[in-house]
Amino acid sequence: MAAETDPVKLMKQEVGRQAAARVQSNTVIGLGTGSTTAYAIQFIGERLAAGEVTNVKGVPTSFQASVLAKRYGIPLTTLDEVETIDLAIDGADEVDPQMNLTKGGGAAHTREKIVDGLARQFIVVVDSSKLVDQLGTTFALPVEVLPLAVAPVTKALEALGGKTDLRMGVKKDGPVITDQGNMVLDVTFGAIANPAELEKIINNIPGVLENGLFIGLATEVLVGEVKDGQVKVRSL
């Protein structure tokens, strides 16, 4: 296989590699969703195959994570079978200076929040373009909604000052359907002054399953950058 030369891919690989290096033997790992996390899953699998770590089990946050884990030989388990998750590795769409996150670009944020919230350690893997001064400034907030409640939830979100769009499929007619069989409203608020408060308010709307604000969950953020053609990874 030819060596990777695209600096952005190299950077995502290196962030994924450094996250995978944090995995220890005899642990349960939350496997997140997205392109950078996919490299972390690959490198965890390679460490298992090489015997660098043993007895590692994964809890996937999405169908994508489950498929990748199987491909790279990571045994899977479920929340019914484990008491704790030692470490979760996941991406983000926005990261603020307090390490609060916006997630849900892949429509997997509900399962991600369950898994990442249970983890003793939660490492976020991103590139520097995801760093923002305030959440909501570069990315709409995803809200997972029961299909029958889309209309009333839309009205409630608009009453909070949000502009809503029902997320539509790509190369598929009709809306995006989550792994739970629900729909996603992408809500543009602009800069979110109090994300912790907004997270609770939105989740109290009947028909909302979960929103993409992840407040106070991340324990470390690994940020990849390409400077002068060189890949660098720093920890927040």
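The residue pairs whose first member lies in region 192-207 and is under 23 Å from Val132 (Cα atoms), whose second member is among the polar types (S, T, N, Q) and assigned to a loop (DSSP other than H, G, I, E, B), and whose beta carbons are closer than 8 Å, counting only pairs six or more residues apart or on different chains, are Ile192/Gln134; Ala193/Gln134; Pro195/Asn100; Ala196/Asn100.
Among residues of region 181-236 being over 15 Å from Gly161 (Cβ atoms), touching a Phe, Trp or Tyr at 6+ places or on another chain (Cβ under 8 Å) and among the hydrophobic types (A, V, I, L, M, F, W, C), the one that is surrounded by the fewest Cβ atoms within 10 Å (Cβ to Cβ) is Leu217.
Scanning region 119-166 for residues that are of a type in the set (Gly, Ala, Ser) and under 23 Å from Val15 (Cβ atoms), which turns out surrounded by the most Cβ atoms within 10 Å (Cβ to Cβ)? Among those that are of a type in the set (Gly, Ala, Ser) and under 23 Å from Val15 (Cβ atoms), it is Ala119.
Taking region 1-106 and the strands (runs of 3 or more DSSP E) fully enclosed by it, the elements with 2 or more residues that are out of contact with any Pro (no Cβ under 8 Å at 6 or more places or on another chain) and of a type in the set (D, E, K, R) are at 85-90. Assess whether Arg22 counts as being under 17 Å from Thr219 (Cα atoms), touching a residue at least 24 places away in the same chain (Cβ under 8 Å) and more than 17 Å from the chain's Cα centre (by Cα). Yes: the conditions hold for Arg22. For region 210-232, a residue qualifies if it is at pLDDT below 95 and β-branched (Val, Ile, Thr), and the qualifying residues are Val226, Val231.
The values are calculated or read from the model by the stated rules, or taken from the named source; none is laboratory data. Note that the structure is a prediction, hence the values are computed from the model and not measured. Methodologically, a virtual Cβ is constructed for each residue, glycine included, from the backbone with ideal geometry; neighbour enumeration extends over all protein chains shown.
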